1. Across the stretch 134-154, which residue is farthest from A79 (Cα to Cα) among those that are more than 8 Å from ligand 2 (Cβ to nearest atom) and in contact with a helix residue (DSSP H, G or I) (Cβ under 9 Å, 6 or more places away or on another chain)?
2. Output the residues belonging to the stretch 259-300 that are basic (K, R) and either closer than 25 Å to E390 by Cβ or touching a Lys or Arg at 6+ places or on another chain (Cβ under 7 Å) (or both).
3. Kindly indicate whether any position in the stretch 1-17 is without any contact (Cβ under 8 Å) to a residue 12 or more places away in the chain, within 16 Å of D128 (Cβ to Cβ) and out of contact with any helix residue (DSSP H, G or I) (no Cβ under 9 Å at 6 or more places or on another chain).
4. Can you name every residue in the stretch 295-314 that is out of contact with any Phe, Trp or Tyr (no Cβ under 9 Å at 6 or more places or on another chain), more than 18 Å from N110 (Cβ to Cβ) and either among the aromatic types (F, W, Y) or free of Cβ contacts under 8 Å to residues at least 12 places away in the same chain (or both)?
5. Pick from K311, K278: which is in contact with a helix residue (DSSP H, G or I) (Cβ under 8 Å, 6 or more places away or on another chain) and among the basic types (K, R)?
6. Being of a type in the set (K, R), crowded, with 17+ Cβ neighbours inside 10 Å and away from ligand 1 (no atom under 12 Å from the Cβ) is the filter; apply it to the stretch 182-229 and report the residue that is farthest from I4 (Cα to Cα).
7. Can you tell me how many residues within the stretch 134-153 are assigned to a strand (DSSP E or B), in contact with a Ser or Thr (Cβ under 7 Å, 6 or more places away or on another chain) and within 16 Å of ligand 3 (Cβ to nearest atom)?
8. Of all residues being acidic (D, E) and in contact with a helix residue (DSSP H, G or I) (Cβ under 9 Å, 6 or more places away or on another chain) in the stretch 195-244, which is farthest from A23 (Cα to Cα)? Just the residue, please.
Amino acid sequence: MALIVQKFGGTSVADIDRIRNVANRVAQTSDQGNSVVVILSAMAGVTDKLISLANQASENPDKREMDVLLATGEQTTSALLAMMLKQMGYKAQSMLGHQAQVMTDSDYGNARIIDIGASRVRKLIEKDTIVVVAGFQGEDTKGNITTLGRGGSDTSAVAIAAALKADTCEIYTDVNGIYTADPNICPKARKLKMISYDEMLNMASLGAKVLQIRSVGFAKKYNIPVHVRSSFNEEEGTMVVSEDSAMEQLVVSGVTLDKDQARITLTKVPDQPGIAAKVFSPIAENNILVDMIIQNTNIAGHTDITFTVPKADYKRTMKLTEQIVKQTGAQEALGDINIAKVSVIGVGMKNHSGVASVMFNTLARDNINILMITTSEIRISCTVEEKYAELAVRVLHTAFGLDTEE
Ligand code: ADP
Ligand code: ASP
Ligand code: MG
């Protein structure tokens, strides 16, 4: 008998009919003689709606109360599924994050799991009960409700699978697996049979939200095989595993898009030692994650500094940057929220030249202007205007020979 953790995302529990579909799947897994622990997301769109309500209630919603509010989305679906399973004659019980002993730090809205007790879940499993755990939420050491950041129920699932030493962790979503690019943007994207933890970490960090990055980190650390698949059909999905996948042999193995980027430029900053520290220290002190940074060459003792932050932090960062302009004697702060980052990824890039030139030529052919470029050993990222970003993904996918033949 296997212990299987099954996580269902927002679209898979979007309404009562879909939750019933989930109940049938869970029941089927249980009927096959397995112990099942289910992790649920909120219904699709509910977390966004709750955030919007909070923003109407308060200009700057209190972070603790925000997490109390956001956790209700997952509470609803968990209770509904447990009710259905009971009605179908199964032993089932829902549990909130704290009841499942998901302990986190106190970083509201983006809390990290520090420990999962899981003894209460285990006791129920031993009594042949299907346990339905509300994903995305936990409890800090002071007993406050916390949430794990957007997409966090993936991390709940993998972390609970690790704590329970589950045989497998299945992530049910609205696509058939992990593809070479987002299949909703790039119809010619190819589904992968397997992907390594490291490759998935790269894809997730560059915008592939099919798995929250922290869930992949957990899976790698505890060596949990993760099966990403659709809740709408029986097709085998993609296994995320430790072995090097065939994918890694390719020069470019995937294309990703991250629309959650905003660009800020400080113009004519006096080019002196310590200036970058002056610019970025206040931003770091406010826990704002800076992604790309570019500094122009010195012209007559001045330089421009451009960087990107998540869209949600744009307003806050602009305010800080305006103060930095005054303190440093820079000319002005310019901002642009309509940008996106397109990346090509591939471990094989390490030993290959010419990837950058193919990327730049491909974008140029479609008249897509590159705003910023950053590179690492295994990826090249370009920011472009948001309205061209999806086109950029498609043309790059074709240019690097990733299109499916079907
Ligand atoms: P869930 O609500 O099930 O957690 P998400 O919306 O968080 O689902 O993640 C699934 C989505 O991830 C897909 O609908 C797809 O648009 C997107 N996605 C981005 N990149 C990829 C990729 N490389 N492969 C598969 N899906 C991807
Ligand atoms: N409901 C949360 C979100 O929308 C968590 C999740 O779906 O994983 O981000
Ligand atoms: Mg998700």
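1. N144
2. Here is the first cut: in the stretch 259-300, the ones basic (K, R) are 259, 263, 268, 278.
Passing the criteria: K259, R263.
3. no
4. N296, T297, I299, A300
5. The unique qualifying residue is K278.
6. Looking at the filtered set, the residue picked out is R214.
7. 2
8. D244
The values are calculated or read from the model by the stated rules, or taken from the named source; none is laboratory data. Since the model is a prediction, treat every value here as computed from it, not as a measurement. Quick reminder, even Gly has a Cβ in these numbers, built from the backbone with ideal geometry, and neighbours come from all protein chains shown.
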